[in-house]
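Chemist: Here's a structure for you.
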Protein chains: 2
Amino acid sequence: MDKTLKEEEKEEEQVVNPWEVSAKEGGKIDYEKLIDKFGCQRLDQTLIDRVQRLTSLPPHVFLRRGVFFAHRDFSEILDAYERGDKFYLYTGRGPSSEALHLGHLVPFMFTKYLQDAFKVPLVIQLTDDEKCMWKNLSVEESQRLARENAKDIIACGFDITKTFIFSDFDYVGGAFYKNMVRVSKCVTYNKLNLTGAMQVVGIFGFSGEDHIGKISFPPVQVWLFAALVSHQINCMWGKASALVLLTGCISLPISSGLAPGIAVPSFPSSFPHLFPSKDDLRCLIPCAIDQGETGKMSASDPNSAIYVTDSAKDIKNKVNKYAFSGGQDSIENHRKYGANLEVDIPVKYLSFFLEDDAELEHVRKEYGAGRMLTGEVKKRLIEVLTEIVERHRRARTAVTDAMVDAFMAVRPLPNMFN
Amino acid sequence: MDKTLKEEEKEEEQVVNPWEVSAKEGGKIDYEKLIDKFGCQRLDQTLIDRVQRLTSLPPHVFLRRGVFFAHRDFSEILDAYERGDKFYLYTGRGPSSEALHLGHLVPFMFTKYLQDAFKVPLVIQLTDDEKCMWKNLSVEESQRLARENAKDIIACGFDITKTFIFSDFDYVGGAFYKNMVRVSKCVTYNKLNLTGAMQVVGIFGFSGEDHIGKISFPPVQVWLFAALVSHQINCMWGKASALVLLTGCISLPISSGLAPGIAVPSFPSSFPHLFPSKDDLRCLIPCAIDQGETGKMSASDPNSAIYVTDSAKDIKNKVNKYAFSGGQDSIENHRKYGANLEVDIPVKYLSFFLEDDAELEHVRKEYGAGRMLTGEVKKRLIEVLTEIVERHRRARTAVTDAMVDAFMAVRPLPNMFN
């Protein structure tokens, strides 16, 4: 390659790195190119059918609709699963704010489905250390936010007999800390297989010689990078394969952080209370690409996101006020030309959160043909979002401090594979 | 200041930073200038007399002979001590090799004296994490070396009722890890009082904006830097004063490393089992400037250092073969001009390790006047070193694994101030 990936990217005016995600002005992120650059494959229909067959459950709406759209070595984990080898799931969150919006919940909703469908254990990392460092929060405030966020995560319905939630401030030490040093060292000594992780390193503007001390501390980073690095190191150590699914949740801002130890939970030896003498257990990491897409109801306008603390009235106001419509400027024109579904935010939100495939198809067809008006689509979206948010609020209210303690207790999970 | 400290230093051809210590060709390090640059004061006779008065013990030979020659705020700790306020001691070692040489023992010998004289607790950090990272050692090998080095340290005679030895791999976590993040953050946000620590930062070639992730990871660093940073942060937090003594042990190579958490043990809250609700306890840090002085019996020639594992025969050979003599090239000239004591290595070693002031003065006078020959001085040095090494070997043989476990147990020390 004559040009660096960074240079190539610049020419294309498409930038995805830990600090920004942007496309050519007015353009869209080319996810096909991203899949290539990140050394991933598209998560195609064959793979989705296979998941359905193996789990005897309908694939999650996020799989059916391409929200989780790419992967590395997911097939390998399915091969092993078919032979009777289990795996574990790892996801996490950087607890920088009190209230989560729906975009924050997407990876957790999907992870819950994976846990239920495959009947596997799950570790959830709360990187309060990283948020303390970078968001000018005190240690105590970061830990408080971690516990508040844990309540929202628990409210997603995870199985306490299969789930360990931990905060870095509480859990870093011992076997986990040793793996932190081992991982840093792998990157330091530049022994990584260059195919995948180093492509990412290239994209991020680091050279292969740069030290993880430099790599691991910029203000904003993605779990994706950690997941790819984990995958490479796991491959190199010849013990386990860390797997990656990417979500391309257009217009749902999913931001997250990379703490120094964010790659470490993909190694089963980091959890001696969970996986003693299971050093070759595989790990599956659902993770997201940060989004900066233009359009309403995006991260850049804080008022436009739907928070899990929003009232029915808030949701109604936000959807009506902020959700950019692809409908035409007059009813006459709308009946004549139909809505532009590509830019329509209500339809995008419905494609995430309306589970009924037939109804979604109906909306797309009728709205696209101009027979359905923006107001009707928004009304349906308000119903769907209100129901999700109300359900979440009820579930969260039921989460006690004792339950948080129970999920976060360092304990064995004897039935985690049943 | 128009020139940066680095530029100024370059012009002077005197360089002291974490990677090198060098003076103008053939010249000597100007410690007076160093004292200034590091924001320190000379440890003068008035202060030494005060130590003697307060401890009712003769000052240690390293104090009397100017081996520990500078300090920051040592007077303040003595003021507080006089009012009845105790403090604790902190020192450490990067366990990169199996066998220690005498230079490695110097800070521990001095720290033992301080512990005995002031009757105060002591924490000793073994930075096995940092050595694992940078010396291409496995986690297991670094931990093994830490335990081996702990035996040599224990053999120096520390009081088990007042001493906690810890390895980073064992101990990092909890309150200690929280302080690691707090310290990193202080440096990140560049809130340090600029007087002292930032001068050091300047000398080391970092800008004030550089992040601790960058600062804390170069291959070789000194405890000095950590001590100065600790001192500044302690002052800023308004709770405790970390104090610094510098050793200018000419021709004794004292190398050490700076782990990410090396500043953290100077905060009493890092040891909740030792200092619960004693957040304002002062900390005194004996530490060293790395040495690269030209001349025999230096770090640059591994054969020339006296190891604690050397036999009497080894010591005799090394001193006779490597210890550069300031004596003249013929007995005739020697009798006429006398020895050049400034460059004579045997005399330098005697000034470290021969406790009898009168005898040392006698040697200097007779040898300097040419009445004593190099052979006689070397013979006396061989006796002195052999006795120290033999005493150390006997003490080390008596250190069992159970004793190491006991020193390294995370436990309260109820009688540490008695």
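Chemist: Leaving out ligands and nucleic acids, and using a 1.4 Å probe, what accessible area per residue does the range B:302-396 come to in Å²? It would help to have the intermediate numbers written out before the result.
Modeler: Working: 5030 Å² over 95 residues.
Heavy-atom accessible area per residue stands at 53 Å².
Chemist: Shortest first and in nm with one decimal, please list how far the B:GLU376 label point sits from its counterparts in the other copies (point 7 Å along Cα→Cβ).
Modeler: Label point to label point, same position, other copies: 11.5 nm.
Chemist: May I ask you to rank A:THR161, A:THR46, A:THR111 by accessible area, largest first, using a 1.4 Å probe over the protein chains only? Present the calculation step by step, with values, prior to reporting the outcome.
Modeler: On the way: A:THR161 65, A:THR46 100, A:THR111 0 Å².
Largest accessible area first, the residues go A:THR46, A:THR161, A:THR111.
Chemist: Here's another thing I want to ask about it. How far is A:LEU57 from itself in the other copies, in nm, if each label sits 7 Å out from Cα along the Cα-Cβ line, shortest first?
Modeler: Label-point distances to the other copies, shortest first: 6.7 nm.
Chemist: State the percentage of accessible surface on the range B:302-396 attributable to carbon and sulfur atoms; use a 1.4 Å probe and exclude ligands, DNA and RNA. Numbers along the way, then the final one.
Modeler: Details: 2540 of 5030 Å².
Summing carbon and sulfur atoms, their accessible area is 51 percent of the total for the range B:302-396.
Chemist: Among A:THR400, B:THR163, what's the order by accessible area (1.4 angstrom probe), most exposed first?
Modeler: On the way: A:THR400 65, B:THR163 0 Å².
Output order, biggest surface exposure first: A:THR400, B:THR163.
Chemist: In the range B:126-145, what residues drop by 40 Å² or more of accessible area when the other protein chains are put back, versus the chain on its own? Use 1.4 Å, and skip ligands and nucleic acids.
Modeler: Buried by 40 Å² or more upon assembly, which counts only protein chains, are B:MET133, B:TRP134, B:ASN136, B:VAL139.
Chemist: Another question, if that's okay. For A:TYR171, what accessible surface area do you get with a 1.4 Å probe? Give it in Å², rounded to 10.
Modeler: Probe radius 1.4 Å; accessible area of A:TYR171 about 30 Å².
Chemist: Continuing with this model, one more query. Taking the axis about which chain B rotates onto chain A, which residue of B lies nearest it as judged by Cβ position, and how many whole Å separate them?
Modeler: B:GLY173, 1
Chemist: Ok, one more. Given a 1.4 Å probe and the protein chains all in place, what does the accessible area of A:VAL172 round to, in Å² to the nearest 10?
Modeler: Answer for A:VAL172: close to 10 Å² accessible.
Chemist: At B:ASP44, label 7 Å along Cα→Cβ: distances to the other copies, nm, ascending?
Modeler: 8.3
Chemist: Any idea of the total accessible area buried by the A-B contact, 1.4 Å probe, rounded to 100 Å²?
Modeler: On the way: alone 17850 and 17840 Å², together 33340 Å².
Separately minus together, A and B give about 2400 Å² buried.
The values are calculated or read from the model by the stated rules, or taken from the named source; none is laboratory data. Just so it is clear, the model here is predicted, and its values are computed rather than measured. FYI the Cβ positions are ideal-geometry reconstructions off the backbone, even for glycines, and counts take in every protein chain you see. Note: accessible area is taken over every heavy atom of the protein model, side chains too, but ligands, DNA and RNA are not part of it. Shrake-Rupley method; radii C 1.70, N 1.55, O 1.52, S 1.80 Å.
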